[in-house]
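Notes to accompany the following structure.
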Amino acid sequence: MVTTVQLSPDADGLDRAAALLSEGRLVAFPTETVYGLGADARSDSAVAGIFEAKGRPRFNPLIVHLPDLAAVSEYCEMPPEARDLAQAFWPGPLTLVLPLRPGAAISPLVTAGLDTLAVRLPDHPLARDLLTRFGGPVAAPSANPSGRVSPTSAAHVMAGLEGRISAVLDGGPTGVGVESTIVGFEGGPCLLRAGGLPAEAIEQCLGAPLGAGGGGISAPGQLASHYAPEGSMRLEATERREGEVLLGFGHVEADLNLSPSGDLTEAAANLFACLHRLNEMQAERIAVSPVPEHGLGRAINDRLRRAAAPR
Ligand code: TXA
Ligand code: MG
């Protein structure tokens, strides 16, 4: 057990967070998508600490967070399409899986031995400030116990990881609410995970459709059952059955509603907080309204299907 300190979103909190990272400790911090659990990506022992704290299977590689494009070029090669996407969408909720430069100073635990590295420039003032102060690559998965709902507030982080990490930098609720979209470039640009940047926007920038990585959305280690709330979930529910709690979307009478007006951006921002809330309510049987499968709806439905998967 370690004491987990809550750091304030000011210069003092940021300095302490950066100092802890330099000592090889674990610090949760806000990004625009969800809170990340950060560690120095160059240090085997620091990165091993992430897997330990989350109870995460070791084969699942991590995303490295960097402050700017110069830092990305230090670690990765950038195909022309990657440059275009970086220019259009960074900083932002987009992760690019790029060829790792030989000899790059990144712990092999980060890549799980792959010859590619997942990188992103987060669009959150505290994350960017922390990365600049720290001055190195920060590996960060979502700051939740493995398989559980991702955190969109410092309170969610504390509920899942208090006593297992050194600190959480409290930046209030996150804006986007679902994790970044992941794009890989093996055999042309392909979608590895739907996320906070709609695939349609990426395709428009590329002027071509994205391939599906390995016949389906498949970043390695994406488990079928994930984001699991404690209750069972029934998706595409057009009515509430006896004994069910309804998680609604749009104009329905519901116990909780992702977005009463049917707005997908609002629904993404509310998704994980609603799943946390359902746990607090000890909901045993959860019905979920249909969510349209376009724009951010793809990321929302992906997370809902994983949450509903048999475990
Ligand atoms: O928004 C986000 O992406 C958040 C914030 C904290 O940045 N992070 C996040 O990390 O969602 P995590 O660990 O929960 O998800 C990382 C995903 C995993 O599905 C992993 O398999 C994939 O990225 N990934 C990492 N490195 C990869 C690689 N070299 N090739 C393919 N997929 C990779
Ligand atoms: Mg995660």
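Here is how the numbers come out for the structure above:
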| quantity | calculated |
| --- | --- |
| Residue-averaged [θ]222 nm for the chain, counting only DSSP H segments that reach four residues, each worth -39500 (n - 2.57) | -9500 deg cm²/dmol |
| Space enclosed by the convex hull of the alpha-carbon atoms of the stretch 229-271, per residue, Å³ | 77 Å³ |
| Student exercise, the chain dipole from Lys, Arg, Asp, Glu Cβ charges, in Debye to nearest 20 | 720 debye |
| Cα-Cα P(r), the stretch 22-89, percent of pairs per 5 Å interval | 3, 13, 22, 21, 19, 13, 8, 1 |
| FRET efficiency estimate (nearest 0.05) - Cβ-Cβ, Q282 to R133, R0 45 angstrom | 0.65 |
| Principal semi-axes in Å for the stretch 219-311 [√(5λ), Cα gyration tensor, largest first] | 18, 17, 11 |
| Debye-sum result for the stretch 136-185 in log10 I(q)/I(0), which assumes one identical scatterer on each alpha carbon, at q = 0.19, 0.32 Å⁻¹ | -0.72, -1.39 |
| Rounded accessible area per residue of the stretch 52-144, 1.4 Å, Å² | 40 Å² |
| Alpha-carbon Rg with Dmax, taken over the stretch 69-190, Å | 15.2, 44 |
| Whole-Å distance, taken between Cα centres, linking the stretch 37-60 and the stretch 245-291 | 32 Å |
| Accessible area of the stretch 168-311 divided out per residue, in Å², using a probe of 1.4 angstrom | 44 Å² |
| Cα-based equivalent ellipsoid, the stretch 56-111: semi-axes from gyration tensor eigenvalues, Å | 20, 14, 10 |
| Sorted peptide list for 202-208, 25-31, criterion being average Cβ within 10 angstrom, highest first | 25-31, 202-208 |
| Near-label residues of the stretch 105-130 by backbone N, under 13 Å of a point 7 Å along Cα→Cβ of D44 | 106-110, 113 |
| Alpha-carbon spread of the stretch 1-155, three principal axes, descending order, Å | 44, 31, 28 |
| Accessible surface of the chain [probe 1.4 Å, protein heavy atoms]: carbon and sulfur percent | 51 percent |
| Unit Cα scatterers, Debye sum, the chain: log10 I(q)/I(0) for q = 0.06, 0.10, 0.15 Å⁻¹ | -0.19, -0.52, -1.19 |
| FRET efficiency estimate (nearest 0.05) - Cβ-Cβ, R305 to Q87, R0 35 angstrom | 0.60 |
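The values are calculated or read from the model by the stated rules, or taken from the named source; none is laboratory data. Since the structure is predicted, the reported quantities are computational estimates derived from the model, not experimental observations. So basically every Cβ, Gly included, is an ideal-geometry build from the backbone, and we count neighbours across all protein chains shown. Remember, those area values only see protein heavy atoms, side chains included, never the ligands or the DNA or RNA. Shrake-Rupley method; radii C 1.70, N 1.55, O 1.52, S 1.80 Å.
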